[in-house]
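Nothing in this text is a laboratory measurement; each read-out follows from the coordinates by a stated rule. Because the structure is predicted, anything quoted here is derived from the model rather than measured. Neighbour counts run over all protein chains shown; Cβ positions are idealised from the backbone, glycine included.
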Ligand code: AMP
Ligand code: FES
Ligand code: ZN
């Protein structure tokens with residue numbers, strides 16, 4: 001198999017693109033795809049500094065790597081979710097990457113700032129991924145605002161986008177479909193633009209990019225993701241892709257081109273400031289702060305049931321003896 005660009009021996013065959021690439025040409029292909037996506041959708045202006053949400057996985061580190069290579073001003077944001085060894089390993093990878101590139105990185109430990117994902121899930125009877133998603137969204141917004149960034153980039157890739165789209169279509173989640181875009185403009189002055197520059201690049205492409213660029217990323221998946229429905233959607237799409245290469249890309253692209261504009265986000269009332277954290281919220285207290293309050297309340301209840309306060313009668317008995 002020969003490289004489509006230079007005719008050298010190819011190392012990767014992209015059936016969906018009817019192309020094969022050698023290592024240097026693939027790196028070029030990947031960087032050009034990202035740059036083209038950013039420019040075509042006006043994701044990031046040349047003078048804007050970008051907050052990159054990095055999980056330690058291949059996608060977000062490959063994204064950070066490309067943005068640095070393209071000369072964007074970047075800072076990293078890593079949320080330590082408190083998920084045992086998985087969080088410890090991913091934090092290490094992100095910190096090492098930031099140090100090697102001499103780029104600022106903000107590390108936020110959820111257990112210190114609020115509650116860890118396992119604690120939130122345990123005390124609120126939510127699946128960990130639901131609590132995790134809610135807290136990630138909050139901290140992405142909060143730290144982008146605090147750092148004065150106008151844009152936040154995440155490493156969602158084509159497989160993530162296609163799986164999310166399939167899930168939303170299967171359940172006709174029209175409100176979500178209305179917001180399912182690779183560029184989300186802020187709906188409030190305290191929100192920032194959210195961009196997904198890898199949305200057209202597959203899992204395979206980001207994995208090869210990270211590998212060819214020598215990026216050391218965390219290979220283990222989050223232990224909670226095994227049960228996630230997203231994985232079932234991804235498996236289904238992969239089965240379709242194996243039979244019909246290009247299915248995932250056309251599913252997402254055609255949705256964005258012809259169907260997405262038909263879905264309209266409900267007008268709703270304007271958000272107000274959360275009474276606790278000040279971030280925009282439709283309720284007096286935002287869903288993140290309600291989650292934290294619920295955990296704190298239940299932790300207190302548990303503490304009280306483990307160490308019951310002496311009842312007045314016991315008190316009296318104790319005084320008499
Ligand atoms: P996920 O929601 O795990 O599929 O991750 C999607 C994107 O969210 C990643 O590509 C990252 O950009 C970002 N992200 C996920 N986990 C973290 C984390 N712990 N800290 C910072 N960013 C994250
Ligand atoms: Fe959020 Fe696994 S990364 S629960
Ligand atoms: Zn709040």
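Here are the numbers for the structure shown:
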{"quantity": "Cα-based shape type of the range 179-218, given that a ≥ b ≥ c are square roots of the gyration tensor eigenvalues and the cut on a/c is 1.5", "calculated": "prolate"}
{"quantity": "Compactness index (Cα Rg / 2.2 N^0.38 Å), the chain", "calculated": "1.16"}
{"quantity": "0 to 90° range, to nearest 10: angle between helix 58-69 axis and the chain longest Cα axis", "calculated": "60 degrees"}
{"quantity": "Likely footprinting exposure, 231, 79, fewest C-beta neighbours within 10 Å first", "calculated": "231, 79"}
{"quantity": "Cα gyration tensor category, rounded, prolate or oblate, for the range 6-50 with a/c compared to 1.5", "calculated": "prolate"}
{"quantity": "Protection-proxy order for peptides 178-188, 202-212, 252-262, each taking the mean of Cβ atoms within 10 Å per residue, highest first", "calculated": "202-212, 178-188, 252-262"}
{"quantity": "Per-residue [θ]222 nm for the chain (sum of -39500 (n - 2.57) over DSSP H runs n ≥ 4, rounded to 500)", "calculated": "-15500 deg cm²/dmol"}
{"quantity": "Residue among 223, 189, 284 with the largest mean-square fluctuation in a Gaussian network model of the chain, springs linking Cα atoms under 10 Å", "calculated": "189"}
{"quantity": "Exposure proxy ranking, count of Cβ atoms within 10 Å, fewest first, for 135, 1", "calculated": "1, 135"}
{"quantity": "Cβ-Cβ FRET estimate between residue 259 and residue 36, R0 fixed at 22 Å, reported to 0.05", "calculated": "0.45"}
{"quantity": "Gyration tensor verdict on the range 61-176 (Cα atoms; rounded if a/c is under 1.5, prolate if a/b is larger than b/c, oblate otherwise)", "calculated": "oblate"}
{"quantity": "Using alpha-carbon coordinates, inclination of helix 229-243 to the longest axis of the chain, degrees", "calculated": "10 degrees"}
{"quantity": "Segments 190-199, 289-298 sorted - mean Cβ within 10 Å per residue, highest first", "calculated": "190-199, 289-298"}
{"quantity": "Residues of the range 117-156 with amide N under 14 Å of a point placed 7 Å along Cα→Cβ from residue 236", "calculated": "none"}
{"quantity": "Residues 89, 171, 156, sorted so that the one with the fewest Cβ neighbours within 10 Å comes first", "calculated": "171, 89, 156"}
{"quantity": "Crossing angle, helix 84-101 versus the chain [Cα axis fit, 0-90 degrees, rounded to tens]", "calculated": "50 degrees"}
{"quantity": "Length released on extending from residue 282 to residue 1, taking residue separation times 0.36 nm less the Cα-Cα span", "calculated": "95.6 nm"}
